[in-house]
Amino acid sequence: MRLIPKDVESLWTLFTAPTIWALHFLVCYVTAAVFCAKAGAPPFSFEAMRLALCAVTLVALSGIVLSAYLAWRQWGFGSGDPPHDEPTRKDRLLFQGFATLLLAGLSFVAVIFVAVPLAFIEACQP
Amino acid sequence: MTGTVETELSADARKAQEAELREVWRTPSGWCYWTSVNNTEIGLWYGAAAFIFMLFAGVLALLVRVQLAVPGNDFLSADMFNQAFTLHGTVMMFLFAVPIFEAVAIFLLPSMLGARELPFPRLSAFGFWSFALGGVFVCGSIFFGAAPNTGWFMYPPLATDKEYSGIGADIWLLGLSFIEVASIAAAVELIVGIMKCRAPGMRINMMPLFAWYLLIVAGMILFAFPPLIAGDILFEMERMFDWPFFDAARGGDPLLWQHLFWIFGHPEVYIIFLPAIALMAMIVPTFSQRPIVGYSWIVLAAVGTGFLSFGLWVHHMFTTGLPQISLAFFSAASEAVAIPTGVQIFVFIATMLAGRVIFSVPMLFGAGGLAIFIIGGLTGVMVALVPFDWQAHDTYFIVAHLHYVLIGGMLFPIVAGIYYYYPLLDARKLSDRLGKIAFWLMFVGFNVAFFPMHLAGLRGMPRRVFTYPADIGWDWFNLISTIGAFIFASGVALVVIDVLRPKHRQPKGEQNPWNSGTLEWISEPEEKWGVRSIPIIRSRYPIWDQRGLIEDIKAGRFYLPDAKDGARETLVTSVLDAEPIQCLRVGGTSLLTILAAFSLGGVFIALTFHWWITTIVCASATLAAIVAWLWTGTAVIPREEMRDVGLGKTLPLYTSGPGSVGWWAMFITMAGDGTAYASLMFGYFFYWTIHEDFTAGHAGPGVLWPFTAAGLFTLAWAAMLVAQWVNEADWRGLTRLALAVAVLLTLAACCAGLAGPYLTGMDPTVHVYPAIVWVVALWTVVHGGVGIIMQLYCLARNLAGRMSARHDMDLRNVVLYWHFLVITAITSFGVLGLFPGLR
């Protein structure tokens, strides 16, 4: 089994990192909302939930890093500079790689943004 | 020229081709003019209607401002004031801001992509007529004193209170649901159009940025509008049949509406903003006379904003007492969205710095709009912070913020777009002088009107008060705002005058007066065919970079230079590299779309007034019109399989399955439908979270019937798979048998689905638990009913000899529908049956 997936030629790879951001956001929000709504019922503490969500954040960030690596590879490891506007399949691939890489960067930052409250907020209603 | 042309046509042959094309794409005259489905007419009507609604809502705003000019004013009664501001917000958001972009897109996209037409012109026409009718219905209500009066976001319990809100809330809910249908129709049209109908060679790294933005926006519509539709269903069930979804006394919760509304409402802000900024992405390079700097960065910004905008909705609900950790997540995401938004603004500035800027009227409106938008964005970052929002919430600070964002981010760029693209309508420019005066009136008037509102808000003036006492420090701010509003309105009036004034004495200019580089400037205002021949694209700015392109297109030297078979045709190309794969025949002029839209409008209007029989009659008429439309206009088996499209290429005329545009349209529609369903299920679990015991001791639907229903739906789905499989083997009789079995199984599944809640005597008016169970079951069963209609349709096509092993587009699309349906059914009945016992 190969660890790093093969090159995929599809429009959808562009959306990998933002999708990971969206899933991470949903998991954080839903977990915290349900925990706080059902206060007392869950058999674990707020602390434990925070730690679990931090772990989810790390998983999400690793996913984004992987997607960024694949994008970097598709971009030829930065061998050519934008604008990638030649009418060739090669330039189309380079454009896709570069745009995907940029989106991975944005998603990485956005995941960290969303995770910041986990570091600072210690209860449902402090 | 491309070098691929072997022979040059004689002038006579070329004239003959042009005559053919002109005849095929002719717009009917007289009354039949209105049956046209051509994108240039539909786009123009759509835009004009949206603009008229905008002017109407603007007048309402002026009435509001006159009332607030001085303290203790009695120009409007309190109730009229409520109706005026509610309708102002509603009309601006639903009847202007979203539809105007659909209008611009429908008008511009085909020629920008080098296509003759979008893939479903009749769907565009249907969307337009739905929108126009729904809009007139909603706007007209104020003349009968029956307009909605509870604010544009319709919060229960105020809006569910029939004593207070009267029929206005129903008009809002049903009128707008109808318009939401039009938006989703437009989204389907735009996504398929942009992905599959680009000119050959227009790879995705060549796409005009406008198309990139529109692709993202259409995707956002698909995930943003359905939650509102789900909310509308719950809301209307409460108002019509007293199902207590938002009634706290019977286990409901008004906050669920706020969630569903804002899951729609916040992305909507970006659905409005991105297309406007997309216009800027076309205008800025033209007036900098160079390609955009950072094409990929714009794609990053568009996609990034599209995603992040879905993580912001709770920032409208910071004061509702949600846990602070939840608020913090949304606050963080609201700050993060400033990154991609900032990127696109820096890209424009960089482009202007790198080129030589020509300060024309469109640039003036564009730059002025951006300046205003940036101020709105900065106050947005302020209110994204929870503690500041607690202070500013529901004050005039918010009114100022949202108008800075929407007018700067949307209205100014739209006016820039009108000045920029007007030559495409009329081959003449609008007046530079009037434009400049209008700009300064609007720019100054806007700031005079809205800037003082920040201060009034910080001094504590709440939104939506119809008057206020003197001497609490609000008088001057309000008077200044009113004066500014009238200055602003005079600027808008000047734009209207400039557009409407007769221009026949002005000479017709050349085709591309701004010397821009993108493909939409090849379209000729007098011709209806879109493009004379479909070009091969090799640049992001083909008019600048491809020498002789316009002459070659006009001489018919590219694809599809003729219309031999008398059908409207365009090319379908592959998603990534835009290689030609099919010659698509699109629908032409038709009355059926108008009939379908008006009868569907009848359904919504009759429902508002509880005229049940009229509702049934109109619904039947809608069904008949849609079936007739499908039967006569879709999946037509061509006389010949292949078509010579020119340049030595021959393409198939019929494709089915994932290669066909119809399959994609079904997939996209069902993605939207699935989102609405997910929103209903969100409601189910929402009630579970807020209650200790969300069943409140009421009996559930049991396990047996829901499981029977899920099992029968799965069998019906399996029968559909068998039908597709035997049809592929060309066993017509067996196909019929499989379809008939599938119909019976679906019928039984629907009955079993309803049997659960019915036989256990669940009364949906008693408590929210039975109500939500009924809604989920009904949603699934109604989809089963639509599934039956589709199965019968396929059966009829088979019997009529309009479907075969080779020509199986209908069956494949229906099977795709069934994939979605079986997931819905298993989820619904699995949850309804098992969850009460599991939790």
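In nm, what is the difference between 0.36 nm times the number of residues separating A:Leu23 and A:Ala48 and their Cα-Cα distance? Please list the in-between numbers first.
Values: separation 25, 0.36 × 25 = 9.00 nm, distance 2.01 nm.
Residue separation times 0.36 nm, minus the Cα-Cα distance, leaves 7.0 nm.
Once both labels are modelled 7 Å past Cα along the beta-carbon direction, what's the A:Val109-B:Asn73 spacing in nm?
My value for the distance between the label points is 4.4 nm.
Restricting to DSSP loop positions (anything but H, G, I, E, B) with no more than 15 other Cβ atoms inside 10 Å of their own Cβ, which trypsin sites (Lys or Arg not before Pro) remain in the stretch B:541-634? Walk me through the numbers before you get to the answer.
On the way: sites: B:Arg547, B:Lys554, B:Arg557, B:Lys564, B:Arg568, B:Arg585; in loops: B:Arg547, B:Arg557, B:Lys564, B:Arg568.
Counting only loop positions with at most 15 other Cβ atoms within 10 Å, the trypsin sites (Lys or Arg not before Pro) in the stretch B:541-634 are B:Arg547, B:Lys564.
Give the distance, in whole Å, between the Cα centre of the stretch B:762-813 and the Cα centre of the stretch B:536-596.
Centre-to-centre distance over Cα atoms comes out at 36 Å.
Would you kindly state how much longer the chain becomes between B:Ile374 and B:Phe388 on full extension, computed as 0.36 nm times their sequence separation minus their alpha carbon distance, in nm to one decimal? Working shown, then result.
Numbers: separation 14, 0.36 × 14 = 5.04 nm, distance 1.89 nm.
Fully extending the segment from B:Ile374 to B:Phe388 adds 3.2 nm.
If we count GluC sites (Glu not before Pro) as exposed when they sit in a DSSP loop and have at most 16 other beta carbons within 10 Å, what is the longest stretch of chain B that avoids them all? Please list the in-between numbers first.
Values: sites that count: B:Glu6, B:Glu8, B:Glu510, B:Glu526, B:Glu527, B:Glu640, B:Glu641, B:Glu692.
Longest stretch, sites excluded: B:9-509.
Could you let me know the centre-to-centre spacing of the stretch B:227-298 and the stretch B:34-104, using Cα atoms, in angstrom?
Rounded to whole Å, the Cα centres lie 18 Å apart.
Can you sort B:Ser124, B:Ser523 by how many other beta carbons sit within 10 Å, fewest first? Mind showing how you got there, number by number?
Details: B:Ser124 32, B:Ser523 20.
Listed from fewest to most nearby Cβ atoms, that is B:Ser523, B:Ser124.
Which links in B:Lys15/B:Lys503; B:Lys528/B:Lys649; B:Lys554/B:Lys649; B:Lys528/B:Lys554 stretch past 21 Å when you go from one Cα to the other?
Details: B:Lys15/B:Lys503 30 Å; B:Lys528/B:Lys649 25 Å; B:Lys554/B:Lys649 19 Å; B:Lys528/B:Lys554 13 Å.
B:Lys15/B:Lys503; B:Lys528/B:Lys649, as the Cα separations exceed 21 Å there.
Can you bin chain B into rounded, prolate or oblate? Criterion: square roots of the alpha carbon gyration tensor eigenvalues sorted a ≥ b ≥ c, rounded for a/c under 1.5, prolate for a/b above b/c, oblate for the rest. Don't jump to the answer; show the numbers that get you there.
Details: a/c = 1.80, a/b = 1.03, b/c = 1.76.
Cα axes put chain B in the oblate bin.
Can you list the HN-Hα couplings for the stretch B:237-246, worked out from phi with the Karplus curve (6.51, -1.76, 1.60; θ = phi - 60°), rounded to whole Hz and with x for Gly and Pro?
Taking θ as phi minus 60°, the curve returns 5, 5, 6, 7, 10, 6, 7, x, 5, 10 Hz for the stretch B:237-246.
Any aspartates and glutamates with Cα under 17 Å of the B:Lys429 Cα? List them, leaving off those in the same chain fewer than 8 positions away.
Qualifying aspartates and glutamates at Cα under 17 Å: B:Asp498, B:Glu510, B:Glu520, B:Glu524, B:Glu526.
Amide H neighbours of B:Arg643 under 5 Å, counting only residues 5+ apart in sequence or on other chains, H built in-plane at 1.01 Å?
B:Leu651, B:Leu653
Once every DSSP H run of n ≥ 4 in chain B is given -39500 (n - 2.57) and the sum is divided by its residues, what mean residue ellipticity at 222 nm do you get, rounded to the nearest 500 deg cm²/dmol?
So the helix-based figure for chain B works out to -22000 deg cm²/dmol.
Write out the trypsin sites (Lys or Arg not before Pro) in the stretch B:605-683 meeting two conditions: DSSP loop, and at most 16 other Cβ atoms within 10 Å of their Cβ.
On the way: sites: B:Arg639, B:Arg643, B:Lys649; in loops: B:Arg639.
Counting only loop positions with at most 16 other Cβ atoms within 10 Å, the trypsin sites (Lys or Arg not before Pro) in the stretch B:605-683 are B:Arg639.
Give me the inter-chain shielding for A:88-97: mean count of other chain Cβ atoms within 10 Å, whole number please.
Values: counts 4, 4, 0, 3, 7, 3, 2, 7, 6, 1.
Per-residue shielding by partner chains comes out at 4.
What is the local net charge at B:Ser574, summed over the other residues whose Cβ is closer than 12 Å to its Cβ (Lys, Arg +1; Asp, Glu -1)?
Details: positive: A:Arg89, A:Arg92, B:Lys196, B:Arg198, B:Arg203; negative: A:Glu9, B:Asp577, B:Glu579.
The answer is +2.
Can you tell me how the protein assembly as shown classifies by the Cα gyration tensor, rounded, prolate or oblate, using a/c under 1.5 as the rounded cut?
Cα axes put the protein assembly as shown in the rounded bin.
Using amide H atoms built 1.01 Å from N in the peptide plane, name the residues 5+ places from B:Tyr559, or on other chains, whose amide H lies under 5 Å from its own.
Under 5 Å from the amide H of B:Tyr559 lie the amide H atoms of B:Ile534, each far enough along the sequence or on another chain.
Which whole-Hz couplings ³J(HN,Hα) result when phi for each residue of the stretch B:179-187 is put into the Karplus expression 6.51 cos²θ - 1.76 cosθ + 1.60, θ = phi - 60°, listed in order with x for Gly and Pro?
Rounded to whole hertz, the list is 6, 4, 4, 5, 5, 5, 4, 5, 4.
In nm, to one decimal, how far is the modelled label at B:Ala678 from the one at B:His691, with both set 7 Å along Cα→Cβ?
The answer from the label model is 2.6 nm.
Skipping prolines and chain starts, which residues have an amide H placed within reach, meaning under 5 Å, of the one on B:Gln582, given they are 5 or more residues away or on another chain?
B:Val572
Could you run the Karplus curve 6.51 cos²θ - 1.76 cosθ + 1.60 with θ = phi - 60° over the stretch B:780-792 and give me ³J(HN,Hα) per residue in whole Hz, x for Gly and Pro?
5, 5, 4, 5, x, x, 5, x, 5, 4, 5, 5, 5
Out of the trypsin sites (Lys or Arg not before Pro) in the stretch A:1-45, which ones are loop residues according to DSSP with at most 12 other C-beta atoms within 10 Å?
Passing sites in the stretch A:1-45 are A:Arg2, A:Lys6.
On average, how many beta carbons from a partner chain sit within 10 Å of the beta carbon of a residue in B:294-302?
Values: counts 3, 7, 15, 4, 1, 8, 11, 3, 1.
Average per residue, whole number: 6.
If you take the beta carbon distance between B:Phe241 and A:Lys6 as r and set R0 to 41 Å, what does 1/(1 + (r/R0)^6) give as a FRET efficiency, to the nearest 0.05?
On the way: r = 55 Å, r/R0 = 1.34.
Efficiency, rounded to the nearest 0.05: 0.15.
Between exposed chymotrypsin sites (Phe, Trp or Tyr not before Pro) in chain B, where DSSP calls loop and at most 13 other Cβ atoms lie within 10 Å, what's the longest gap? Could the numbers behind the result be given before it?
Details: sites that count: B:Phe359, B:Phe609.
Excluding the exposed sites themselves, the longest stretch runs over B:1-358.
Find the centroid of the Cα atoms in the stretch B:720-734 and in the stretch B:365-393, then give the distance between the two in whole Å.
Taking the Cα centre of each part, the stretch B:720-734 and the stretch B:365-393 sit 59 Å apart.
Rounded if a/c is under 1.5, else prolate if a/b beats b/c, else oblate: with a ≥ b ≥ c from the C-alpha gyration tensor eigenvalues square-rooted, which is the stretch B:142-249? Walk me through the numbers on the way to the answer.
On the way: a/c = 3.77, a/b = 2.81, b/c = 1.34.
It comes out prolate by the Cα gyration axes.
If each Cα of the stretch A:13-120 is one equal point scatterer, what is log10 of I(q)/I(0) from the Debye formula at q = 0.09, 0.17, 0.21 Å⁻¹?
Log10 I(q)/I(0), no solvent term: -0.32, -0.77, -0.99.
For peptide B:628-637, how many partner chain Cβ atoms fall within 10 Å of a residue's Cβ, on average?
Values: counts 0, 0, 0, 0, 0, 0, 0, 0, 0, 0.
Per residue, the average neighbour count from other chains is 0.
For the pair B:Ala11 and B:Asp161, what calculated FRET efficiency results from E = 1/(1 + (r/R0)^6), where r is the Cβ-Cβ distance and R0 = 56 Å, to the nearest 0.05? It would help to have the intermediate numbers written out before the result.
Working: r = 73 Å, r/R0 = 1.31.
E(calc), rounded to 0.05, equals 0.15.
Each value in this text was obtained by applying a stated rule to the coordinates, not by laboratory testing. Because the structure is predicted, anything quoted here is derived from the model rather than measured. All Cβ positions, even for glycine, are placed from backbone atoms using ideal geometry, and neighbour counts span all protein chains on display.
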